Every structure is written in structure tokens, then in C-alpha cells.
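Below is one structure; the comments refer to it alone.
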């Protein structure tokens, strides 16, 4: 727990000023985080990060995350997916030169990883552009869910969630994470009612529950 708190404070000291300022500096920072996230997925799959596919997968997440349409407005369609499509094409070109050692199945994981991560981080940037309070609410839901699941799971956790996915997580911890998210989100929305407009407070509580569950997945 001490290590978690120390790391969280250091991360917040870096992240919060960038989040508040926004702009290209924040976007590049989030793009860098998306590349780190993809590299983690690649290592989990026991793939080389600094390989042909690894570098392109990280680059794919980056171009999906950063709103490059703001800077490459000469592209005729959505700039992010235009550039991402080119990267995917390069991955498939790798099959031509390396088959059968490198096949269609080998391409799918890097592409899916960069798409999954890139879309998620892209929405973080979109939320930031929608308003500082909105992205703070989203982050508080995730942070509260994570902290609540850890604290309740350590103390009261008995029944395991699917062990192959995460061997230490429990049903009690999961429910505790949702409870913490509802409490923290309620306090934040009472402090700033504009953050959940045009929804009503009860509807937002339902949405917070769904967001917390999605965050755990």
C-alpha cells in the first residue's frame, strides 16, 4: 500500500498539471502512455516490444490516441483511422516477406492491442476537451473502483473471480470497488452538479455503476 500511495502521488504530480493545461503537451503525454500500455500487452503475450510488429503496434495506438486530424487536416477522412489503416497495412505487408514464419494470426494481436488501447486513450483526450470536470469525474470513478476493490478485497475477499484472468481478485472486492465509485462520484457531483448535465442524479448513479464495471473489465 505504501508503494501504491508513493507511486500515485508521483504520477499525480506529473499528470494533473498536464490534464489541467490540456493542449498538445497533454495529448503527446497520453499518446506516450498508450504506447506503454501496448508494450505491456505485448510482453504479456511474450512478444518482442522493439520488433517490427511491436513498434508498429505502439505507433498504431499513438496515432489513434492523439487527434492528429487537428494537425493533418489535409487528409480527406478521419485522420486517426487513415494513419492507423496505413500502419495495419504495413503489418500485413510483413506477412508477404516473412510467411510462413509470420502469418495473419500473428498480425491480429498487435492490431487488436493497438486498437483497444488507442480508442480508450483517445476517449480520455476527448473527455479532457469536453471539460476538466468531466474527465476528473471519469478518472475518480476508475481510481475509486481500483482503490475500493483493493481495500475491500484484502479485508473481506473470499470468493474468487476467474482465476486465470486475475488470481487475487474477488467478488467482494469487485462490489467494494463499485460502492467506492458510487460514493466518490456522488460527492463530486454534489460539489459540481454541472458535470452530469443533462442527466438526472439517479440516472448518473446507474451510469457510474456501469462505468465502474467497465473499468474493472
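Quick rundown of the values:
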{"item": "Residue 74 being farther than 20 Å from residue 116 by Cβ, in the same structural domain as residue 91 (by TED's automatic domain parsing) and either touching a residue at least 40 places away in the same chain (Cβ under 8 Å) or in contact with a strand residue (DSSP E or B) (Cβ under 9 Å, 6 or more places away or on another chain) (or both)", "result": "no"}
{"item": "Verdict on residue 136 being in the same structural domain as residue 188 (by TED's automatic domain parsing) and either in a helix (DSSP H, G or I) or within 27 Å of residue 212 (Cβ to Cβ) (or both)", "result": "yes"}
{"item": "Check on residue 80, surrounded by fewer than 17 Cβ atoms within 10 Å (Cβ to Cβ), over 16 Å from the mean Cα position of the chain (by Cα) and either more than 23 Å from residue 132 (Cβ to Cβ) or touching a residue at least 12 places away in the same chain (Cβ under 8 Å) (or both)", "result": "no"}
{"item": "Test result for residue 64, buried (at least 16 other Cβ atoms within 10 Å of the Cβ) and within 21 Å of the chain's Cα centre (by Cα)", "result": "yes"}
{"item": "Check on residue 88, at pLDDT 90 or above, more than 23 Å from residue 11 (Cβ to Cβ) and either within 21 Å of the chain's Cα centre (by Cα) or surrounded by fewer than 13 Cβ atoms within 10 Å (Cβ to Cβ) (or both)", "result": "yes"}
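The values are calculated or read from the model by the stated rules, or taken from the named source; none is laboratory data. These numbers come from a predicted model, not from an experiment. In this analysis, Cβ positions are derived from the backbone assuming ideal geometry, glycine residues included, and neighbour counts consider all displayed protein chains.
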